[in-house]
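See structure below.
The values are calculated or read from the model by the stated rules, or taken from the named source; none is laboratory data. From a predicted model like this one, the values you see are computed outputs, not experimental measurements. Here Cβ is always computed from backbone atoms with ideal geometry, including for glycine, and neighbour counts include all displayed protein chains. Note: accessible area is taken over every heavy atom of the protein model, side chains too, but ligands, DNA and RNA are not part of it. Shrake-Rupley method; radii C 1.70, N 1.55, O 1.52, S 1.80 Å.
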Amino acid sequence: AKNVNIFFFVLILLIMVVIASLFIKYQVASIYIIPFALIPIIINSFFDSRLAFVVHALIVTLIGFWAPNSFEFILLNIAAGVMVSLRLSNQFSRNRIFFTALMVIMTYTVLFYSKYLIQEADWRSIDLKYISYFAVNGLLLLTSIPLIYFFERAFGFLSDTTLLEISDTNQPLLKKLAEAAPGTFQHTLQVVNLSEEAIRSIGGNALLVRAGAFYHDIGKLKN
């Protein structure tokens, strides 16, 4: 499992480095179109927000060595990574992905034009085309949903989305437990609530514990 994780991180790094290199070398478009914030979104769905941010910061800093306007590039993308980590920390959902994309667009826009005004001190010379770059960047962040599904199947990971799905009490197995062993099901709900509160207090993965608690007594269906 550890080797699989290492391969996953290296693959993410290589993909982003190759894409950034092609954009810079052939000047396909602005490098700000590349959705680097995908890195913390995808990693956070399988691991935790701290690890996601560290990997994101490492990749962005590495690319920053040859990216044009290195300081600006690193500043904007690190800020976007912080925004993603704060928004999705242990609360991953498709709905939050959408609003996170909007927040990333706003972060890029505010920081970029604030830095520009500080340097140039002339709002009349502002180039508004960068807003379109940031908007495309934000839209590309929505591809994280199918990408998470792909990486989950390819590497055998368990995403927060899957944990939410299997924790749904409308799942056939949980419905069967509620019908065949209602007493055990009520006990299960109490264990879910207790374990979820306990794991939150120590900063663990509440979704994983919640899913485990729902199925911890499923074997009692045989009796």
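Listed values, structure above:
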read-out	value
Qualifying positions in the stretch 127-139 - surrounded by fewer than 15 Cβ atoms within 10 Å (Cβ to Cβ) and not hydrophobic (A, V, I, L, M, F, W, C)	127, 129, 132
Meets criteria (modelled with pLDDT under 90, in a helix (DSSP H, G or I) and open to solvent by 60 Å² or more (accessible area, probe 1.4 Å)) for residue 117	yes
Candidate set from the stretch 197-222 (those that are among the charged types (D, E, K, R) and more than 14 Å from residue 164 (Cβ to Cβ)); member that is least open to solvent (accessible area, probe 1.4 Å)	217
Where residue 157 falls short, out of the listed (1) outside any helix (DSSP H, G or I); (2) farther than 21 Å from residue 45 by Cα; (3) not charged (D, E, K, R)	(2)
Cross-chain or 6+ apart pairs with Cβ under 6 Å, the stretch 137-149 first and touching a residue at least 24 places away in the same chain (Cβ under 8 Å), then buried (at least 22 other Cβ atoms within 10 Å of the Cβ) and not in a helix (DSSP H, G or I)	137/35; 140/35; 141/35; 141/37
Selection count where residues are of a type in the set (A, V, I, L, M, F, W, C), over 14 Å from the mean Cα position of the chain (by Cα) and open to solvent by 30 Å² or more (accessible area, probe 1.4 Å), scope the stretch 158-179	4
Count - residues of the stretch 140-153 that are open to solvent by less than 60 Å² (accessible area, probe 1.4 Å) and more than 24 Å from residue 102 (Cβ to Cβ)	1
Complete set of residues in the stretch 36-73 that are assigned to a loop (DSSP other than H, G, I, E, B), at negative phi and either of a type in the set (Val, Ile, Thr) or open to solvent by 20 Å² or more (accessible area, probe 1.4 Å) (or both)	47, 48, 65, 66, 68
Criterion (among the basic types (Lys, Arg), without any contact (Cβ under 8 Å) to a residue 60 or more places away in the chain, assigned to a helix (DSSP H, G or I) and loosely packed, with under 13 Cβ neighbours inside 10 Å) met by exactly one of 96, 124	124
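Per-residue answers, yes or no, for (1) at pLDDT 95 or above; (2) of a type outside the set (Val, Ile, Thr):
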site	(1), (2)
23	no, yes
29	no, yes
50	no, yes
56	yes, yes
71	no, yes
84	no, no
87	no, yes
95	no, yes
123	no, yes
